[in-house]
Amino acid sequence: MDQYTLNLIVVGLSFALYIGIAIYSRAGTTGEFYAANRGVHPVMNGMATAADWMSAASFISMAGLIASVGYDNSTYLMGWTGGYVLLAMLLAPYLRKFGKFTVPEFIGDRFYSRTARIVAVVCLIVVSVTYVIGQMTGVGVTFARFLETDTTTGLLIGSAIVFLYAVFGGMKGITYTQVAQYVVLILAYTIPAIFISLQLTGNPLPMFGLFSEHTASGQPLLSTLDQIVTDLGFNQYTGSTDSMLNIVLFTMSLMIGTAGLPHVIIRFFTVPKVSDARWSAGWALVFIAILYLTAPAVGAMARLNLIETIYPGNGAVEETALVYEDRPEWMRNWETTGLLTFNDLNGDGRIQFYNANNAAYAETATQRGWQGNELTVNNDIMVLANPEIANLPGWVIALVAAGGLAAALSTAAGLLLAIASAISHDLIKSVFKPDISEKGELLAARVAMAGAIALATWLGLNPPGFAAQTVALAFGLAAATIFPALMMGIFSKRINSSGAIAGMLVGLITTCAYVFAYKGFLFIPETNILPDNPAGWIFGISPASFGTIGAILNFAVAYFVSNATEAPPREIQDLVESVRTPRGASAALDH
């Protein structure tokens, strides 16, 4: 059986499974649509949360980023994992205790303000729409390569699948679909990693194989990789080049951004009890850890395999560079997607892959007859191409295709549900048409979901920037807007509506302004007004790290405005006190 047919069968079976689950668990009430009727077991909710969380960024991009940079990008692992600890300890049980359906509903009721609710809706939509762009991009990349379609067709197929199980199933359908998607994506991620770890080190556990001896060289795998990349002018793989300030700020931004992501938070509204919310976060960490402990090994081994493919001999690299016409089939396949390109700058017919931006390496490159880096590899293909690079069986490659789509679609569904819930429940039901019937609200939720899917598809077809940029901005915005409002809403009785509104607006505006000033408006090339380099950054703070500064500004503005204005009403202060009391859980209140 050829690889295309195998890919089609495996991906088709996974899609059939998702649709079947959605039909079986179709939502019939707003409670089922928004919160799965609060009947999800903590273990299943933890698995669904893990799938909701492990997006295309985690499955496709994270290991690619680690592969291209090395140690410095371990901040992604630390930040994202730490975010779940914050969720489990500081947010999940208290938000479940409050007994609402959505994040804006909590903010609107806690800060006793319709305006606060609307501002929260705006922040939620901006964060979710920004994040969903990366997921739709991941869908397009996976379809384009493995099902041999163009990106547009792939996006339309992916959107149709999400439409079928998200519009009709709501949170109920999405939850059980995400459980299935977790199983698919974790198998797709770990099985190839086990094969490759065995090939390179003889150790079947990738997380230990990373620190084992490289079979071919007889020295530790990381030492071999360090030697190879430095010989090509790249930074040492296990070294660090970023400033400690940016490492700390970026890690913190990812942590509090994770804790503030609305599509993750609403998962904790689906469990029966307050204690279940905390247990759900704990189980989610367990399920996420399986992938996150594997990712560093996948990144390092993918980088090693790629370079050894380009320089297959044991002699001098200038003499053993791969002849372009002899390139393996996987390179030819990825070239058709445009995510891998070759430009023979010196006309020798060989592929030169090195760090042409390293001024200290220029003399060495000249001596070797190189005139520039000739191979451009998009980071997003490293995980997807890794099984092909390692010549793994066809069924493994097909499984990776299904896993990449499962990761992207599971998170996209969660984000779209958060958007739809905010529009139907927090705007239509709570602001514009309070007397709408439950049937009418359910219809509005489904229409909003369909509209959100259409918008996400359009943005996927016309992305303002590549996946890593848009996802980083989403985390920064969540950190600067939603997380501070939730924290202050739970742990401070003094913060009032004026302070919360001012804080969220300041966090949203300053973060967007700072990022777009350096990266360009909506990441459109050449629209930046400041040079995007460490010398041009204010106090050396990178745009990706600014979410932490935005959060600090949010906290500060909310505190000063609240203390300069009237304290919240006594009933609100009593409400905050009751939310923090670790006993019982109120039923969901549908306003």
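A few points about this structure:
- Anchor LYS433: lysines whose Cα lies under 19 Å away (excluding residues fewer than 8 positions away in-chain): LYS100
- Solvent exposure of region 140-236 amounts to 37 Å² per residue of accessible area, where only protein heavy atoms count and the probe is 1.4 Å.
- Helix-only [θ]222 nm of the chain, DSSP H runs n ≥ 4, -39500 (n - 2.57) each, per residue, nearest 500: -20500 deg cm²/dmol
- DSSP H segments from the chain that extend 18 Å or more along their own axis, Cα-based, with Kyte-Doolittle mean of -0.5 or above: 3-24, 114-146, 170-201, 244-259, 274-292, 295-310, 394-421, 438-461, 467-480, 497-519, 546-564
- Based on alpha-carbon atoms, the Kirkwood radius and the radius of gyration of region 345-456 give Rg/Rh equal to 1.33.
- Volume in Å³ per residue [convex hull over Cα atoms, computed for the chain]: 139 Å³
- For region 1-79 versus region 475-540, the spacing of their alpha-carbon centroids is 28 Å.
- Candidate residues LEU90, LEU399: accessible-area rank, largest first, probe 1.4 Å: LEU90, LEU399
- Solvent exposure ordering (accessible area, 1.4 Å, most first) of CYS123, CYS512: CYS512, CYS123
- Per residue convex hull volume, Cα atoms of region 403-545, in Å³: 167 Å³
- For region 116-266, the Cβ-based charge dipole about the Cα centre amounts to some 640 debye (Lys, Arg positive; Asp, Glu negative; other atoms uncharged).
- Based on alpha carbons, the Rg and Dmax found for region 94-232 are 22.7, 66 Å.
- Of all lysines in the structure, the ones whose alpha carbon falls short of 18 Å from that of LYS439, not counting any fewer than 8 places away in one chain, are LYS172, LYS429.
- Accessible-area composition of region 61-217, carbon plus sulfur, in percent [1.4 Å probe]: 72 percent
The values are calculated or read from the model by the stated rules, or taken from the named source; none is laboratory data. Here the structure is a predicted model, which means the values were calculated and not measured. Glycine also receives a Cβ, built like all others from the backbone with ideal geometry; neighbour counts cover every protein chain displayed. We work out accessible area using only protein heavy atoms, side chains counted, and drop any ligands, DNA or RNA first. Shrake-Rupley method; radii C 1.70, N 1.55, O 1.52, S 1.80 Å.
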